[in-house]
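A short write-up of the structure that comes next.
Nothing in this text is a laboratory measurement; each read-out follows from the coordinates by a stated rule. What you see is a predicted model; the values in this text were computed from it and never measured. No Cβ is skipped: glycine too gets one built from the backbone with ideal geometry, and neighbour counts run over all protein chains shown.
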Amino acid sequence: MNILHSLKSVRSVLTFWYALILVAAFTLFGYGVFVYLRQLQEVELEKNLTEEVDWIAKLMDLERSTVPGGISIDRLSADVERRIVDHFMVNPRNYIIILTTGSGGIVFQSPSSGIQILPGAEILSDQTMLWSMPSAEGGSIRVAARRIEPFVIHVAYTEKVTDAVLEHLLSIFLVLAPIALIVSVAGGWFLSGIVFRPIRQVSQLARKITAENLDQQVPPRNVNDELGELITTINEMIRRLRASFDQMREFSVNVAHELKTPLTILKGESELALAKPITRAAGEKLATTYLEETVRMSRIVEDLLMLAKADAGQLVLQHEAVPMADLVRDLFEDAQILCATKKLHVVLRTNDQANVRGDALRLRQLFRAILSNAVQYTDPGGEIRISSTVSGHELVVEIEDTGVGIPAESIDKIFQRFFRAEGARDHAPGGSGLGLAIAKWIAEVHHGSISVRSTPGAGSCFTIRLPLLS
C-alpha cells in the first residue's frame, strides 16, 4: 500500500512524465535521424551512380572518336578496359559494372559482380535511368543505365551495404534506448528531489507554526518564482489566520465582558434578596431589574445568533422591491419618537422616490441601528438630519448627528463586533457593540456599503449606499 502511495506522489508522477517525455524525444530523434540518413544515402547513391555512368559514357565517346567513320565497335579496347578497371578498383564502393550490346551480349563485366545481366526497362539514348531490382544475395540492387551506341552501360550498387549501415545505426539506438530510460528515470528522480527540497523545507517550517506562534512566518525567497509565490501565499494565509485568531480572542473577551455585567447585577441582586426579607416594593424593583438584564442578555444572544447564521450563510433574506421613500418616512417618524425624550431635533432633508431589491425588514433594522446609535451619542438639544438621494445607479442615505463624534483612531474599528469607542459606555451603558456590525453586514449582503465620517465633539455622518432596482 505504501508503495502504491509512493507511486502516486508528485515526485513519482513528475519523474514518470520526465522520463516518458525524454524517451519519446529520444525515440522521435532516432527515427528522424534514421529516415533522414536513409533518404540521404539514397540520394547520394543515385547521384554517384549517375556520375559513374556519365564517366563511362564520356570514355565511350572518346573511344568512338578514335574509330574511323563507318566502322562498328563490338568490343572495348584493352586501354578502355584497363582504365575502367583501374577507376573502379581504387573506388571503395565496389560498384558492379556491366556493359552489354543492344542484343544483350556482355561486352564487359566487373570481375566480382557474379551477375550475368541486369534486366531493366528499355534504356534510352543520352538519358540515365534508375531502378531497383532484387539481389540473389538478398536485399536489392540500385541500377543506373544509359545507352551509348552500340553499348548499354550498367552501373549498380547493392543496397545491402547501405542497409547494413542503417541496421547498425538502429541497433545502436536500441541499445541506447534502455540506457536513456534508466538515465532519464534516475535524473528525473534526482532533479525532482532538488526541486521539492525547498518545498519540503517550507512544509517543515509551516508545520511548526501553530495557533500559539502565528507571529512566525516562512522566510521569503529573493526569487519571484512559483516557490516564492507559494511562500507569499502561505505567509498571507498565516497573517489571515492570526487576524482571525486575534478577532476570536477579542470576540470571546468582549462576549464575556458584555455578559459579565448583567450576570454580576443579577448575582448581586439575588444575594441582596437572600440576605434579608424584602418588601413588596423591593421585590417589584428586583423583578424589574431581573427583566431588564434578561432582556439585555437575550438581545446580545439574539444578535450573536444572527451574526453566526449570517457568517454560515444560513440566514435567508427576502428579495423583493422595497420602496425606500416609505421606509425612510417611517424612519423619520421613529426618530421623532426616540428623540422626544432627549429633546433632539430631527430633520428630513430629502426623500427621493426609489426602489431597491432586498429585505425590507433587514433594511429597516439597518437604518434603525444607525438612528439608535445617533440618538444615544447626541446630547440633549442636538440635531439629527436624515437625507435620501438618488445618485446615478445608487440610493444614498445619510444619517447625520451633532453628537460626541468618533475618535480618529476608532473610525476603522467601529464596525467590528463588540467594539466601543472610548467614552461610549458613558453615553450608552446598555449597548452591546453589535449594532454597527449587523448594520454593515446588512448593507453588504444587499450589495451596498456603509461608511462614516466624524469629527470628535462635532458629530458623525453615516452614509449607506444601495444599488437601485434595475
Two pseudo-spin positions, 7 Å from Cα along C-beta at Trp55 and at Asn355, lie apart in nanometres by 10.1 nm
Enumerate the calculated ³J(HN,Hα) couplings along region 456-461 in order (Karplus 6.51 cos²θ - 1.76 cosθ + 1.60, θ = phi - 60°), each rounded to whole Hz, writing x wherever the residue is Gly or Pro. x, x, 10, x, 9, 9
Extension gain, Gln216 back to Glu236 (0.36 nm per residue minus Cα-Cα distance, nm): 6.0 nm
Relative contact order for region 320-467 using alpha-carbon pairs under 8 Å, separation at least 6, rounded to a whole percent? 25 percent
Grab the Cα-Cα distance for Ser451 and Ser65, subtract it from 0.36 nm times how many residues apart they are, and report the gain in nm with one decimal. 127.7 nm
Quickly work out the Leu286-to-Ile172 label distance, labels modelled 7 Å from Cα along the C-beta direction, and quote it in nm with one decimal. 10.8 nm
Can you tell me the FRET efficiency between Val85 and Leu20 if r is taken as the Cβ-Cβ distance and R0 is 45 Å, rounded to the nearest 0.05? 0.20
Peptide ranges 385-398, 356-369 listed from the most packed, as the mean C-beta count within 10 angstrom indicates: 356-369, 385-398
Once you list every other residue whose beta carbon is under 11 Å from the beta carbon of Gly381, what net charge do they have if Lys and Arg are +1 and Asp and Glu are -1? 0
Those lysines that a straight Cα-Cα span of less than 22 Å connects to Lys47, excepting residues fewer than 8 apart in one chain: Lys58, Lys160
In order through region 143-151: 3J(HN,Hα) via Karplus (6.51 cos²θ - 1.76 cosθ + 1.60), integer Hz, x for Gly, Pro: 10, 10, 9, 8, 8, 10, 3, x, 10
Reachable lysines from Lys342, criterion Cα separation under 30 angstrom, eight or more residues apart if same chain: Lys260, Lys285, Lys413, Lys440
Spin-label model distance (nm) - Val35 vs Ile199, 7 Å beyond Cα toward Cβ: 3.6 nm
List the residues, sorted by chain then number, that are 5 or more residues from Val346 or on another chain and whose placed amide H is less than 5 Å from its amide H. Ile384
What the 10 Å binned alpha carbon P(r) of region 226-311 shows, as percent of pairs per bin from 0, is 14, 28, 21, 16, 10, 6, 4, 1
Among all the aspartates and glutamates, which ones have a C-alpha under 19 Å from Lys276's C-alpha, if same-chain residues fewer than 8 places away are not counted? Glu284
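How much length, in nm to one decimal, is gained on full extension between Val347 and Asp326, taken as 0.36 nm per residue of separation minus their Cα-Cα distance?
Length gained between Val347 and Asp326: 6.0 nm.
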Diffing region 50-63: the Karplus 3J(HN,Hα) column from phi (6.51, -1.76, 1.60, θ = phi - 60°), in whole Hz with x for Gly and Pro, holds 5, 5, 5, 5, 5, 5, 5, 4, 5, 5, 5, 5, 5, 5
Sorted peptide list for 278-284, 323-329, 11-17, 235-241, criterion being average Cβ within 10 angstrom, highest first: 323-329, 11-17, 235-241, 278-284
